[in-house]
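The values are calculated or read from the model by the stated rules, or taken from the named source; none is laboratory data. Computed from a prediction, not measured in an experiment: that's the story for all the values here. All Cβ positions, even for glycine, are placed from backbone atoms using ideal geometry, and neighbour counts span all protein chains on display. These accessible areas exclude ligands, DNA and RNA; they are computed on the full protein's heavy atoms, side chains included. Shrake-Rupley method; radii C 1.70, N 1.55, O 1.52, S 1.80 Å.
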Amino acid sequence: MGKVKKLVAAAMVSVMSLSVVGCNMIEQTAESKAKTVLAKVGDTNITLGDVDSELKADIDNLKQTYGQDYESSIPESLKEQLKTVRTQVLNQLVNEQIMSQKAKALNLIPSDEELESKISEKTLKGVYGGEEAFKSALEYYGYTDETFKEFMKTQVISEIVTEYMTKDVTISDEEVEQYYNTNIANYTTKPSATA
């Protein structure tokens, strides 16, 4: 009976070690990594692919410099920077999704005509100095006309929701000054130099 227990125990150890080794042999594909859910707002999932599509220009530069497998090739300092930027973009996407869902709940989604009007008011064509420079900027940041319009739509909706939620808020100049004086450390930086 003791031999049977030892044999079963040895078999179990073998199976467990093969399972652990096998798990390390399976590598996630780029497509499966892109589908990794980072956050969920209501019924909407925000994936790593969503975050990385917002960082297309930066990721393209990393791929050009370090190759397709840039994440394993970049220095640790760049890995930390990429993680920080991804976190910021994820927070932005979560906030946009919250605002969008709040706009739907409050029935504040503007009509297509209103959106077109507001988007054309806020277009960046003037900022970039003309149509050609604007198109170059869209291409650099990985936007098509359609994806840029969608981006602008989220910005407009966020503004509408913010205006609606703060329409009854009034703040006096004294309150602003008091807040500033209480939190002055957040608004000042000590002189420094970075070489």
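Suppose the filter is among the hydroxyl-bearing types (Ser, Thr, Tyr), at pLDDT 85 or above, open to solvent by less than 50 Å² (accessible area, probe 1.4 Å) and touching a strand residue (DSSP E or B) at 6+ places or on another chain (Cβ under 8 Å); does Thr47 pass it?
Taking the combined requirement at face value, the residue satisfies it.
So, Val41, is that one among the β-branched types (Val, Ile, Thr) and either surrounded by 13 or more Cβ atoms within 10 Å (Cβ to Cβ) or farther than 30 Å from Ala103 by Cα (or both) or not? Spelling it out, Val41 is indeed among the β-branched types (Val, Ile, Thr) and either surrounded by 13 or more Cβ atoms within 10 Å (Cβ to Cβ) or farther than 30 Å from Ala103 by Cα (or both). Among residues of the stretch 154-172 that are within 23 Å of Gln92 (Cβ to Cβ) and touching a residue at least 24 places away in the same chain (Cβ under 8 Å), those with a Cβ under 6 angstrom from a residue that is open to solvent by 70 Å² or more (accessible area, probe 1.4 Å) and in a helix (DSSP H, G or I), sequence gap 6+ or separate chain, pair up as Val156/Lys118; Val161/Lys102.
State yes or no: is Ala137 aliphatic (A, V, I, L, M), in contact with a Phe, Trp or Tyr (Cβ under 9 Å, 6 or more places away or on another chain) and surrounded by 10 or more Cβ atoms within 10 Å (Cβ to Cβ)? So Ala137 passes the test. Here Ser100 passes the criteria (1) assigned to a helix (DSSP H, G or I); (2) at pLDDT below 85 except the one numbered (2). Once the stretch 89-118 is narrowed to residues that are of a type in the set (D, E, K, R) and farther than 15 Å from Ser158 by Cβ, the residue that is surrounded by the most Cβ atoms within 10 Å (Cβ to Cβ) is Glu116. Restricting attention to the stretch 51-72, the residues that are part of a helix (DSSP H, G or I) and open to solvent by 60 Å² or more (accessible area, probe 1.4 Å) total 12.
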